[in-house]
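The structure appears right after this line, and notes come after that.
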Amino acid sequence: MRCPFCGYPDQKVLDSRPGIDGETIRRRRECTRCNRRFTTHERPERARLFVVKRDGSRQEFQRDKTLHSMLIACRKRRVAIEDLRDAVDSIERELYQEFEEELSSSVIGDKVMEALRDIDTVAYVRFASVYREFETLADFQEVLDSFKGRKRKVTARAS
C-alpha cells in the first residue's frame, strides 16, 4: 500500500480496531516519509458473486453500483450517506449468505427496494418506478396504496 498523499510505500500502523459491522478492520496509518495520517478499511476477500442481468448477461457483483443506484434514488433527499452505506453492507452480507456463485439482478433490486422503503419513502418510489419500469399513473398509485395504514419509521436525517 502506498501513501495517498506522497505515494511512499512505507507506513506505520498507529491503531487497529474492528469496524462497526464487525467484518472489517479499521487501521489508522502514518506515512514514514511525509508523516501524514490516513485511515484504511480492510475486509476479507470473498468468493466472486455473479449477477445475471435481465438480458442474460453476467457481471460480477459490485457493491458500489448498488450504493450508486441508492444515491440516485435519494438525490435531493435528506438521507444520511451512512444509512445508505449500512443498507448496502446489509444487502451484501445477505447476498453472500444466500448465494454461492450467481443470482438474478431482480434479487438485488428487491433488497434495495426493501431497504429504501425503511430509509425514505420518496426514494423508494423513485427507485421502484425505474426498477419496475412504471408506465402509468396506476403503477405509482399501486405503490402509494401499499403505504396506507403503515406506520412511518423515523430515522436520523442528515442536515
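The values are calculated or read from the model by the stated rules, or taken from the named source; none is laboratory data. The shown structure was predicted, so the numbers you read here are calculated from the model rather than taken from an experiment. Don't worry about glycine lacking a Cβ; one is built from the backbone with ideal geometry, like all the others, and counts go over all protein chains shown.
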Would you confirm, using the coordinates I've provided, whether PHE50 is surrounded by 11 or more Cβ atoms within 10 Å (Cβ to Cβ), of a type in the set (A, V, I, L, M, F, W, C) and touching a Pro at 6+ places or on another chain (Cβ under 7 Å)?
no
Look through the range 1-20, keep the residues that are of a type in the set (A, V, I, L, M) and modelled with pLDDT under 95, and return whichever of them is farthest from ASP86 (Cα to Cα).
MET1
Screening GLU23, GLU82, GLU92, GLU100 for residues that are of a type outside the set (Val, Ile, Thr), at pLDDT below 95 and not assigned by TED's automatic domain parsing to the domain that holds ARG132 leaves only GLU23
Residues (assigned to a loop (DSSP other than H, G, I, E, B) and of a type in the set (D, E, K, R)) located in the range 51-67:
LYS53, ARG54, ASP55
Taking the range 6-50 and keeping only residues that are in contact with a Phe, Trp or Tyr (Cβ under 9 Å, 6 or more places away or on another chain), part of a loop (DSSP other than H, G, I, E, B) and not aliphatic (A, V, I, L, M), one is left with THR32, ARG33, CYS34, ARG36, ARG46, ARG48
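Table: residues versus (1) surrounded by 11 or more Cβ atoms within 10 Å (Cβ to Cβ); (2) of a type in the set (Gly, Ala, Ser); (3) more than 24 Å from TYR131 (Cβ to Cβ); (4) without any contact (Cβ under 8 Å) to a residue 24 or more places away in the chain.
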| residue | (1), (2), (3), (4) |
| --- | --- |
| GLY22 | no, yes, yes, yes |
| GLU30 | yes, no, yes, yes |
| PRO44 | no, no, yes, yes |
| ARG54 | no, no, no, no |
| GLN62 | yes, no, no, yes |
Determine if the range 139-148 includes at least one residue that is among the small types (Gly, Ala, Ser) and in a helix (DSSP H, G or I).
no
Does any residue of the range 56-76 turn out to be assigned by TED's automatic domain parsing to the domain that holds TYR131 and β-branched (Val, Ile, Thr)?
yes
The correct count of residues that are over 9 Å from the mean Cα position of the chain (by Cα) and surrounded by 21 or more Cβ atoms within 10 Å (Cβ to Cβ) in the range 70-93 is 3
Among (1) touching a helix residue (DSSP H, G or I) at 6+ places or on another chain (Cβ under 9 Å); (2) in a loop (DSSP other than H, G, I, E, B), where does GLY109 come up short?
(2)
